[in-house]
Amino acid sequence: MMLVKEIKFRSEHLDVLRKTPFWLLFNAFITNTTATTRIRKFGDGIATIIRSYSANTKGFKLGPKIVSLRDSDICLIFGINSGSTKLNLSYAKKPNTPFIERRFKETNRLSKPLLEEALKKTVNGKKQHDVEDVARIMCLYICTTLLFATSGHTIGWVFVKYIEDLENMKSYAWSSAIRSSLISSIETTYSSPEKATGCVIALLYWICEHTTLVQPEDENVFPRFLKWDLTKLNKKMRGRSLKILKSKEVLGAELVPSKKEQKLLSGEAEQKRISGKEQLEKIERGVCSEISLFSEDSEKNGAELDDHLGSLGTLCDVAVQNLTENKVPLENEDVVKQNEAQYMIKQLAEENVELKDQNKSMVATIVMLKNQLNKLEQDRATRTKELLCTIKENEQKMLEMRTTMDVLLSEMNQLQTERDLLDEQVEEPTMQKIIQKNEDQEHCHETAGEPLKDIAVYEGLWQETARLRVKPLQTSEKKDKKTEGGKKRKVEIAQQDVSNMNQLVRNDVENMPELKKRKTEIIDVPIQICSGELFG
């Protein structure tokens, strides 16, 4: 809005601007030396506020509270005089009006640079429509750069029909349109705050009004954006989330205008600031009146004259003090620019100090991170070394286990071979011994005069892993013509032979160390005579 400070508005321009709903905002930039510096957009602060927006509640989460952006916030922050008729800001084609024909006949799109150029040309016009066009261009300019701002600094043709008729501009609900445009943008971009459009700077002043983060610079100014120093707010909000604010730090109630603000909005009263020139003229008039009073009343005594001179001196001292403290704005442009430059230099100096502090903090953080990184590298090297040692030990153990397994497999193969040999030794020779012994006994019985015609025939032994069992002996089923006493004798002889055979096998097994280690049992199976008959 520096352009507003540069334009030389005449009194007739100001009279027409008073008819617009944005007069208090225009007047703040025209007469207030700090207005342009107060309108500063801090992107980080705006992004923080937008991220706190909740689409479900249609409000911003400030600590434990949900606070909405209302029409009254826009009205009081910027001093906008609004009516009740809603604005329809849908797309519209370029209108064919006298104003457009005079100023933007060859223009396809309204933009900030184009409006600035048109304003500089129109302000020098002397005709009545030139004066009115200045007000119309100013309204379009404030909408483009502040109230309905876009990333391309352009504005739609639809706004022309609402600023064409200067007499009816105040009948439209401008505050509601500004708020709705901003909230609609936030609802679609709150996950990407940098893409938000509209009057986003209003959010910073809204936070000032609804929290206690910063204190106002001046309570007696209006519009309310003049109360706040956004530089201080930016420092308070840096690196801080609005969701952690305490309940007592949040002022969720709707803003209510004071009586003075109501009068200013209604146009019944107007902020008047006495310039330095007017103050000096007032002092001069007072001094002249005092001098004329003294000259007219020459009969006053010396004491009364001293009193008058004393009061005059006091008046001069107060005036000089006011000018020294810069309590009134000066009309000298050089002084105004110098004051603005000094203010900017002071702000830059404060920001420089703050940046230096941040730089120191960042350096300390970097050093700390480097130390942590070195420690992590050392821990990683130590753990890697330990892991390699563990892997080497495990490989050695695996090698030993493989060697042991090979030895065990070799022993198992050897035992299997020995068991097979044992089975062969037990199966054939033992059976032959039993049959041979029976034949010898048969021969003995025949020699003794008791011939044995039929005896049991041993067919073999039944074997089992880790156990050796003797299968029951089988006998032929031929009838024995001997007496019952002869049968019993033959059975007893056969049982004795089996018992002797089992003892022989047991002795052989006990002499084998491999089977002895596994404690293999030899189970004696008593001999059974099939059908109890012998054949002769």
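Read-outs: derived from the displayed coordinates by stated rules, not from any lab. Quantities reported herein were computed from a predicted structural model and do not represent experimental measurements. Counting neighbours? That spans all protein chains shown, and the Cβs are built from the backbone with ideal geometry, glycine included.
Observations on the structure shown:
- A simple spin-label model places pseudo-atoms 7 Å from Cα toward Cβ; at GLN378 and ARG10 they are separated by 8.1 nm.
- Of LYS112/LYS236; LYS19/LYS161; LYS236/LYS346; LYS65/LYS227, those spanning more than 22 Å from alpha-carbon to alpha-carbon: LYS112/LYS236; LYS65/LYS227
- Cα-Cα over 29 Å, subset of LYS86/LYS232; LYS94/LYS260; LYS170/LYS259; LYS120/LYS195: LYS86/LYS232; LYS94/LYS260; LYS120/LYS195
- Potential extension, THR150-SER410 segment - 0.36 nm per residue separation minus Cα distance: 84.7 nm
- Selection of GluC sites (Glu not before Pro), the range 43-133, meeting DSSP coil and at most 11 other Cβ within 10 Å: GLU106
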